[in-house]
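Accompanying notes for the structure given below.
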Amino acid sequence: MNAMTTRAERKQKFVLQGIPFIIFGIAAIPIWKALKKTDAADMQVVSPNVLSMLLNDLYILLSVSCLAILLGIVCAFYLEEWLPKNNWARRLIESHVAILTSIPSTLYGILAISIFFSYAGTLKVIDGAPPAQNTESIPFQRNTTLFCGEVLTFIFMVTPVTIKTTQEALRSVATPVREAVFALGASQWQVLRQHVVPIAFIRILAGGCRAMSRAFATAALLIGIYIWYDTTDAGGMSGRFILFLAVSLFLSVFSSSLTEVYDSDLTQRS
Amino acid sequence: MNHSIETENLSLWYGDFQALIDVNVKIPDGQITSLIGPSGCGKTTLLRCFNRVNERYGNVTTEGKIEILGKNIYDPDVSLPELRKAVGMVFQRPNPLPISVYENILFGLRIHSPMRSLTRTESDQIVEEALTSVFLWEDLKDKLKARATSLQLEQQQKLCIARLLPLKPKIILMDEPCSALDAKGTLAVEELMEVLAGTYTFLIVTHNMAQARRVSEECIFMFLGELIEHRETQALFDEPKHEKTADYVQMRYG
C-alpha cells in the first residue's frame, strides 16, 4: 500500500499524466490559430490590438488571483496552525468560508455583472436594454469601476476555495509525525517551515490552481453568454472566451496532475 | 544515587479533570525505569510532563515542581527547545519523518544548529554513529537515501531512537515503544535499551508487565492519577506492599 514511490515509478507516472497535457496541447492549436488570425471578416476577434488586450486581461487576472491565493493561504495557515480549535473567530471564518465555497461559481459571475458591471454603465444587461452599438461605449470597456469589480469578484471566488484546500492540505500532514518534530525541540515556525510546508506544498499549489481554474471557467462562461447576447462582438469577446476557457482547462488539468504525480506517500501513510 | 528526574507534589488538570494527583517521584540516573498501571491512570501524562509536550494540547494546568538534571523545568528561563533536546521522546507508533533515513537522523541537529553549519563529512559521521549505536548500520548503510517510512516497523522504531542520539539527550522517554511491534521487534528494541542504559536514562511506559519485568530496574505503579508504589522491579512484582499493586501485578484487573 504505502510502498515508496521510486524515481522510476514517478517517471512513469509523470509520462502517464502527461497525456492530458498532450491532448490539451492538440486542442490548443486551433485556439492559437484563431488568436493569430488577422482576417477581420472571418472572425470578429481580430483587430490589431486584440492580442495585446487579451494578454492584458490575462496579466491582470493572473496577478489578482495570485494575490487572492496568497491571501487565502496566509489565512488558512493562521486558522489551522495558530488559532485555537474552539475560537469564536475561527468558527465565524470557517462557517463563512463554507458558505462562500458552496455557492456555484456562475452565481459569482452573475453577481459581478449585476453589481459591478452595471455601475460601469457600459453593459445594460440588467435593464434588458440592448448594449449600445455606437463606438463611444464599448462593452466591457476597462475603467476603474469595472476593474475593481473584476478584482473583487476574483478575490471572492478564489480566496474561500484556497482557504478550504489549504486547510485540507495542512490537515493531511500526519499528526504523530508533527508531534515527533515538536518533541525534537522544534518551534512552531520550524515545524511549519521544515516539516509541514514541504509535505503539503504540492497540495496547496494544486488547490490554488483549482480555485483559479474555477474563476477562469466562470469568466469564460459569462463571456460566452455575452457573445450569444451580442452577436456583433465588438470587443473581441470570442477571443476572451477561448482564452479564459483554455486557461481554466489548463489549470484544472495541471492541478489534478500535480496531486496525482507528486502527492504520493508523503501525506497519507497508514 | 543521583536522580535525573525529581517531581514534587506534581498535579495536572485537563480542564476540570485532574489527571495527576500529588505525584512525588525520583527517577535514578542511567537506569531503565518503567511506568505501569491500568489505562487512563496518568502514565503517559506523567511522561509527557517531562519534556512539556503536554502544553501543546491547551487547557492544561500544572502545579508543583519537576526538576530535571537539577533544574526546575517550569522556571520562566527554561528554553523549550533546549529542554526537549535533553529529554528525547519515542512514541507508541514509529513515526519517522517521510524523508530519507539520512535526513531523519540529521533533522534534530539541523533544527538546533544554524543553517549550513554541518559539513558533509561531519554529517556522514554523525549518521554512521547514530545508526551503529542502534544496530541499524549494517542493514541500512546502503539504504541511507531510502525513505524512512518504507522500512520495516522495527527498523523505523529503532530509527526513531537513533534520531534522538545526535542531540546527545540525557533522558529518553518512551511511550509504549513496542506496542506496534511483533515479538522479534520488541526483543530487538529491548536489547537496544539495555545496551544504551547507562549512557541514557530511560523512562518507559508499558502495558506489558512482562516487559516491565524484563527490562527495568525500578518500576512505578500508578492508579487513577496517583503514584501508588515505586520500588525495585523484582520487589514490586514479588512482594507488592500495596493492595492495588498486588491486584494489578497478579492480573486481577487492568
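The values are calculated or read from the model by the stated rules, or taken from the named source; none is laboratory data. A quick note: this is a predicted structure, and the numbers were derived from the prediction, not measured. With ideal geometry, Cβ positions are generated from the backbone for all residues, glycine too; neighbour counts draw on all protein chains shown.
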- Task: Spot the failing condition for B:Gly58; the list is (1) within 14 Å of another protein chain (Cβ to nearest Cβ); (2) in contact (Cβ under 8 Å) with a residue 12 or more places away in the chain; (3) among the small types (Gly, Ala, Ser), and only one is missed.
- Result: (2)
- Name the residues in segment B:34-52 that are under 13 Å from B:Glu6 (Cα atoms) and either more than 14 Å from every other protein chain (Cβ to nearest Cβ) or in a strand (DSSP E or B) (or both), would you? B:Leu46
- Task: Pick out the one residue from B:Leu144, B:Leu69, B:Leu118, B:Leu164 that is within 12 Å of another protein chain (Cβ to nearest Cβ) and hydrophobic (A, V, I, L, M, F, W, C).
- Result: B:Leu164
- Within segment A:176-195, work out how many residues are hydroxyl-bearing (Ser, Thr, Tyr) and either touching a Gly at 6+ places or on another chain (Cβ under 7 Å) or closer than 19 Å to B:Leu159 by Cβ (or both). 0
- Looking at B:Asn59, is it of a type in the set (S, T, N, Q) and either surrounded by 23 or more Cβ atoms within 10 Å (Cβ to Cβ) or modelled with pLDDT of 90 or more (or both)? no
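A quick yes/no check of all residues on (1) under 17 Å from the mean Cα position of the chain (by Cα); (2) closer than 22 Å to B:Ser100 by Cα:
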{"position": "A:Gln188", "(1), (2)": "no, no"}
{"position": "A:Ala200", "(1), (2)": "no, yes"}
{"position": "A:Ser213", "(1), (2)": "yes, no"}
{"position": "A:Ala217", "(1), (2)": "yes, no"}
- Query: Out of segment B:73-96, which residues are assigned to a helix (DSSP H, G or I), in contact (Cβ under 8 Å) with a residue 40 or more places away in the chain and either more than 21 Å from the chain's Cα centre (by Cα) or at the interface with another protein chain (Cβ under 8 Å from one of its Cβ atoms) (or both)?
  - Reply: B:Lys85
- Of all residues in segment B:77-107 being touching a Gly at 6+ places or on another chain (Cβ under 7 Å) and buried (at least 21 other Cβ atoms within 10 Å of the Cβ), the one that is farthest from B:Asn51 (Cα to Cα): B:Lys85
- Item | Identity of the residue in segment B:167-186, assigned to a loop (DSSP other than H, G, I, E, B) and within 14 Å of chain A (Cβ to nearest Cβ), that ends up nearest to B:Leu106 (Cα to Cα) | B:Lys168
- Message: For B:Ile99, only one of the following conditions fails: (1) under 24 Å from B:Pro166 (Cα atoms); (2) away from every other protein chain (no Cβ under 13 Å); (3) touching a Phe, Trp or Tyr at 6+ places or on another chain (Cβ under 8 Å). What is its number?
- Response: (2)
- Query: Is there a residue being in a strand (DSSP E or B) and in contact with a Phe, Trp or Tyr (Cβ under 6 Å, 6 or more places away or on another chain) anywhere in segment B:187-204?
  - Reply: no
